[in-house]
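The values are calculated or read from the model by the stated rules, or taken from the named source; none is laboratory data. Since we're looking at a predicted model, the values are computed, not measured. Cβ placement follows ideal geometry from the backbone for every residue including glycine, while neighbour counts extend to all protein chains displayed.
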Amino acid sequence: MALIPTLSNRPRVLVVGGGYVGLYTAFNLQKKIAKSGGIVTLVDPLPYMTYQPFLPEVAGGNIEARHAVVSYRRHLKETELIQGSVTSIDHGNRTAVIAPADGGDNFELTYHDVVVAAGAITRTFPIKGLAETGIGLKTIEEAVALRNQVLSLIEEASTETDPAKRKRALTFVVVGGGFAGIETIAELEDMARDAVKLNHRVDQSELRFVLVEAMGRIMPEVTESQALWVVEHLRSRGVEVLLNTSLDNAENKNIKLINLPDKSVAQEFDAETLIWTAGVMANPMVRSTDFPIEPRGRVSVNVNLQVSGEFGVIENAWAAGDVAAVPDVTGGLPDGTCVPNAQHALRQSKRLAKNLWASRFNKPLKGYKHKNLGAVAGFGQWKGVAKIMGIQLKGAPAWLAHRGYHGLAMPTMERKIRVLTDWFVTMITGRDLAQLENLQAPRSTFVSAATPKPKPAAAAPAEPAKAAEPAKAESKEKAAASK
Ligand SMILES: Cc1cc2nc3c(=O)[nH]c(=O)nc-3n(C[C@H](O)[C@H](O)[C@H](O)COP(=O)(O)OP(=O)(O)OC[C@H]3O[C@@H](n4cnc5c(N)ncnc54)[C@H](O)[C@@H]3O)c2cc1C
């Protein structure tokens with residue numbers, strides 16, 4: 001395996017993944033570890049941390065895409081950064097294998113401590129046509145693509161004369177009625193309505209938004225009465241909310257929905273856009289490690305965020321966030337672990353950094369404890385729902401709470417300022433409805449211009465002048481007749 005001579009040979013704290021947990025752990029440890037003669041190394045396939053709660057707002061055009069990500073280079077100046085994926089960890093030998101993002105040869109990295117923070121990936125089911133038609137909402141690239149797709153389809157439909165094609169272009173389906181799904185459909189619907197206001201060849205009644213949820217209710221994070229209010233609110237906006245319904249097939253962009261539990265056909269229609277937000281699962285990369293994995297595929301950790309299994313604590317191995325089964329001493333999921341959300345991930349990273357540092361001096365470690373503060377969700381301009389420390393809010397107050405909470409939670413002051421500025425500008429000037437075209441093939445116009453054109457065929461010998469006269473006379477007659 002290749003060796004990278006430019007990498008540090010100091011004792012390493014290897015952080016696998018730079019999401020909430022990875023970014024904050026590296027940030028909180030980098031100076032201390034550097035002063036003690038070691039180094040924090042962060043490995044992530046991307047050069048930035050993505051603030052995932054903002055993805056629906058990026059898709060809806062309220063936040064500029066780049067403002068919802070945090071550059072590692074800018075904010076982790078004392079951390080060694082490697083753009084790549086950790087493909088396996090052999091903790092027995094304190095070694096990880098890295099696959100560089102540029103496709104180069106895999107290489108090994110040794111470490112003293114490892115922090116597993118590789119998060120979660122979109123969980124899907126084997127549904128025919130889903131991979132070809134669908135798109136998730138877990139990355140900034142997906143959010144940007146969705147925004148462009150919705151706006152482009154409205155534009156395309158406005159010149160489409162085939163009613164079936166027009167209907168297909170203007171039908172948008174979201175599968176999954178959790179926070180991500182509800183926020184996504186609400187933001188996209190809000191944006192689409194604004195776009196149609198500016199396009200007189202499309203009528204608002206032609207837009208069709210369908211939310212598909214397999215359970216009998218949406219948004220388990222809020223109370224049942226609030227969830228009912230959200231359903232009514234979405235329906236009042238024209239969104240079709242289908243509960244106890246599941247996606248059965250999406251081949252050739254034909255969406256087949258079935259009722260649950262009897263699996264009878266609920267609806268069948270064509271849709272150009274299918275967004276899948278029906279859950280996440282722990283990053284399967286952890287299965288290529290020698291760490292204990294619990295039944296739901298997460299790394300087992302104790303309350304101090306140390307990896308631990310039936311044989312006790314595994315020294316120098318730590319994990320937190322969506323990839324870890326962190327005991328929740330205040331309640332949490334039915335199995336007694338923390339729900340996978342940013343609220344926990346952020347706080348766990350801070351506790352993890354403190355415990356890792358304390359472990360260096362054999363000081364006592366402190367258990368992670370955080371009672372969920374509640375939840376906030378935005379559904380487009382001035383619309384939202386929130387439950388904060390038992391207080392329930394709807395509409396504009398909830399929307400302001402959503403913005404206030406996430407504005408403060410966005411990592412780094414520099415990014416906070418950019419996001420707050422985006423919101424302020426949107427409130428004054430309205431939503432930015434410009435879509436970027438041709439992102440998949442940005443060089444196509446240049447290639448076309450730079451490609452030598454075949455020489456035009458040699459001109460045919462000119463007709464005798466007399467032969468042209470009758471044609472001219474004929475066209476003059478036609479012009480006179482039409483006057
Ligand atoms: C659309 C959406 C909306 C959300 N809204 C909310 C909300 O309103 N409130 C809330 O509390 N939570 C929300 N969440 C959940 C929240 O974002 C996650 O719980 C949180 O990001 C988890 O943090 P993490 O650090 O564990 O993982 P992540 O933030 O997912 O970070 C994981 C990192 O690991 C990297 N990685 C992956 N594989 C590898 C590998 N093999 N090697 C190295 N690095 C790897 C990834 O690139 C990523 O940077 C939302 C999530 C989504 C998708």
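Taking strands (runs of 3 or more DSSP E) that do not extend beyond region 43-117, which have at least 2 residues that are closer than 20 Å to Ser8 by Cβ and not aliphatic (A, V, I, L, M)? It comes to 79-90, 95-100, 107-110.
Here Val326, Val313 are screened, and the one residue that is within 11 Å of the ligand (Cβ to nearest atom), in the same structural domain as Asn93 (by TED's automatic domain parsing) and modelled with pLDDT of 95 or more is Val326. Taken over region 223-271, the residue count meeting the criterion of being in contact with a strand residue (DSSP E or B) (Cβ under 7 Å, 6 or more places away or on another chain), of a type in the set (Ser, Thr, Tyr) and either in a loop (DSSP other than H, G, I, E, B) or surrounded by fewer than 16 Cβ atoms within 10 Å (Cβ to Cβ) (or both) is 2.
Conditions (1) surrounded by fewer than 23 Cβ atoms within 10 Å (Cβ to Cβ); (2) within 14 Å of the ligand (Cβ to nearest atom); (3) more than 15 Å from the chain's Cα centre (by Cα), marked per residue:
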{"residue": "Leu7", "(1), (2), (3)": "yes, no, yes"}
{"residue": "Gly17", "(1), (2), (3)": "no, yes, yes"}
{"residue": "Val21", "(1), (2), (3)": "no, yes, yes"}
{"residue": "Tyr24", "(1), (2), (3)": "no, yes, yes"}
{"residue": "Gly38", "(1), (2), (3)": "yes, no, yes"}
{"residue": "Glu57", "(1), (2), (3)": "no, yes, no"}
{"residue": "His75", "(1), (2), (3)": "yes, yes, yes"}
{"residue": "Leu81", "(1), (2), (3)": "yes, yes, yes"}
{"residue": "Ser85", "(1), (2), (3)": "yes, yes, yes"}
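If you filter region 275-291 down to residues that are surrounded by fewer than 22 Cβ atoms within 10 Å (Cβ to Cβ) and touching an Asp or Glu at 6+ places or on another chain (Cβ under 7 Å), you find that the one that is farthest from Ser308 (Cα to Cα) is Val280. In region 87-108, of all residues being touching a Ser or Thr at 6+ places or on another chain (Cβ under 6 Å) and among the aliphatic types (A, V, I, L, M), the one that is nearest to the ligand (Cβ to nearest atom) corresponds to Ala99. In region 260-289, the residues that are more than 15 Å from Gly134 (Cα to Cα) form Cβ pairs under 7 Å with partners that are within 11 Å of the ligand (Cβ to nearest atom) and among the charged types (D, E, K, R), at six or more places apart or across chains, as follows: Val280/Asp322; Ala282/Arg298; Ala282/Asp322.
Taking Ala319, is it within 16 Å of the ligand (Cβ to nearest atom), within 23 Å of the chain's Cα centre (by Cα) and free of Cβ contacts under 8 Å to residues at least 60 places away in the same chain? Criteria not met by Ala319. The C-beta contact set for region 15-26 (first residue in contact (Cβ under 8 Å) with a residue 24 or more places away in the chain and closer than 16 Å to Arg74 by Cα, second residue among the charged types (D, E, K, R) and outside any helix (DSSP H, G or I), distance under 6 angstrom, 6+ apart or interchain) comprises Gly18/Asp44. Within region 114-134, if we keep just the residues that are within 30 Å of Ser349 (Cα to Cα) and surrounded by fewer than 17 Cβ atoms within 10 Å (Cβ to Cβ), the residue that is farthest from the ligand (Cβ to nearest atom) turns out to be Thr124. Picking from residues in region 344-375 that are outside any helix (DSSP H, G or I) and within 11 Å of the ligand (Cβ to nearest atom), the one that is nearest to Leu333 (Cα to Cα) is Asn372. Taking region 102-157 as the range and being without any contact (Cβ under 8 Å) to a residue 60 or more places away in the chain, over 20 Å from Ile275 (Cα atoms) and of a type in the set (D, E, K, R) as the test, only Asp102 passes. Within region 89-97, is there a residue that is more than 24 Å from the chain's Cα centre (by Cα), at pLDDT 95 or above and among the small types (Gly, Ala, Ser)? Yes, region 89-97 contains at least one residue that is more than 24 Å from the chain's Cα centre (by Cα), at pLDDT 95 or above and among the small types (Gly, Ala, Ser). Could you list, in sequence order, the residues of region 376-385 that are modelled with pLDDT of 85 or more and either outside any loop (DSSP other than H, G, I, E, B) or more than 16 Å from the ligand (Cβ to nearest atom) (or both)? Val376, Ala377, Gly378, Trp382, Gly384, Val385 - these are the residues of region 376-385 that are modelled with pLDDT of 85 or more and either outside any loop (DSSP other than H, G, I, E, B) or more than 16 Å from the ligand (Cβ to nearest atom) (or both). Of all residues in region 410-419, those satisfying the criterion of being in a helix (DSSP H, G or I) and either assigned by TED's automatic domain parsing to the domain that holds Glu57 or surrounded by 15 or more Cβ atoms within 10 Å (Cβ to Cβ) (or both) are Arg415, Lys416, Arg418, Val419. Looking at Gly19, Gly38, just one residue is closer than 19 Å to Val86 by Cα, of a type outside the set (A, V, I, L, M) and touching a strand residue (DSSP E or B) at 6+ places or on another chain (Cβ under 7 Å), and that residue is Gly19. For region 4-56, the set of residues classified as of a type in the set (Lys, Arg) and either over 27 Å from Ser288 (Cα atoms) or modelled with pLDDT of 95 or more (or both) consists of Arg12, Lys31, Lys32, Lys35, listed by residue number. Only residues that are within 16 Å of the ligand (Cβ to nearest atom) and surrounded by fewer than 24 Cβ atoms within 10 Å (Cβ to Cβ) were counted in region 192-217, giving 0.
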